Amino acid sequence: MEGADLIPILYAENETNFNHNGLGALHGTIECLVTEERNGAFELELVYPVDGALAKEITGFKFVMAKPNDVDDPHLFRIYEIGKNLEEGTITVYAATKTNDLGANLLEHVVVENVTAEEAMNAIHDGLIEPTNDRF
């Protein structure tokens, strides 16, 4: 495995407490590469055996915690795409930083009048197409 020594950890898509081993450590990870562009993308690409212990648990929108480099603390990434290569017997996971969760979410039509700022933010939160645990 390339990069830092921490074995990537898989978490459920609705997890909010990341102080445990989640669904489990992704032992056997073949490659875990994190790329970061200045003021841009912060993404993870992980290659895992198709017959690995947690292979069936790797599904869209789950979290992967990985150490992006030898200096920074572990970081959360949300899975947005999964590819399988049956010839090589691998699963390739593509995930973006959790901080981008709201970036891909859309807001349905929301109109507020004569409400507090908190009520307006709650209306926006409730109007999101994809549910989120993020609070405004």
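The values are calculated or read from the model by the stated rules, or taken from the named source; none is laboratory data. This is a predicted model, so every value here is computed, not measured. Neighbour counts run over all protein chains shown; Cβ positions are idealised from the backbone, glycine included. Just the protein is used for accessible areas: all its heavy atoms, side chains included, with ligands, DNA and RNA removed. Shrake-Rupley method; radii C 1.70, N 1.55, O 1.52, S 1.80 Å.
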Task: Residue list for the range 56-84, filter: surrounded by fewer than 18 Cβ atoms within 10 Å (Cβ to Cβ) and either of a type in the set (Val, Ile, Thr) or within 16 Å of the chain's Cα centre (by Cα) (or both) - done: 57, 59, 60, 61, 71, 73, 74, 80, 81, 82, 83
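Please specify each residue of the range 51-65 satisfying the condition of being at pLDDT 95 or above and closer than 26 Å to residue 19 by Cβ.
If the condition is that a residue be at pLDDT 95 or above and closer than 26 Å to residue 19 by Cβ, then 52, 53, 54, 55, 56, 57, 58, 59, 62, 63, 64, 65 are the ones that fit.
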TODO: Could you please give the count of residues in the range 16-44 that are over 24 Å from residue 130 (Cα atoms) and open to solvent by less than 100 Å² (accessible area, probe 1.4 Å)?
DONE: 12
TODO: Would you be able to tell me the number of residues in the range 2-33 that are in contact with a Lys or Arg (Cβ under 8 Å, 6 or more places away or on another chain) and not in a loop (DSSP other than H, G, I, E, B)?
DONE: 2
Open item on the list: Under 8 Å between Cβ atoms, which residue pairs at least 6 apart in sequence (or on different chains) link something in the range 106-120 that is within 18 Å of residue 131 (Cα to Cα) with a partner that is open to solvent by less than 100 Å² (accessible area, probe 1.4 Å) and among the small types (Gly, Ala, Ser)?
Closed with: 107/127; 108/127; 109/127; 110/123; 110/127
- [ ] Select, from 54, 33, the only residue that is within 17 Å of residue 11 (Cβ to Cβ) and of a type outside the set (Val, Ile, Thr).
- [x] 54
- [ ] Spot the failing condition for residue 88; the list is (1) in contact with a Lys or Arg (Cβ under 7 Å, 6 or more places away or on another chain); (2) modelled with pLDDT of 95 or more, and only one is missed.
- [x] (1)
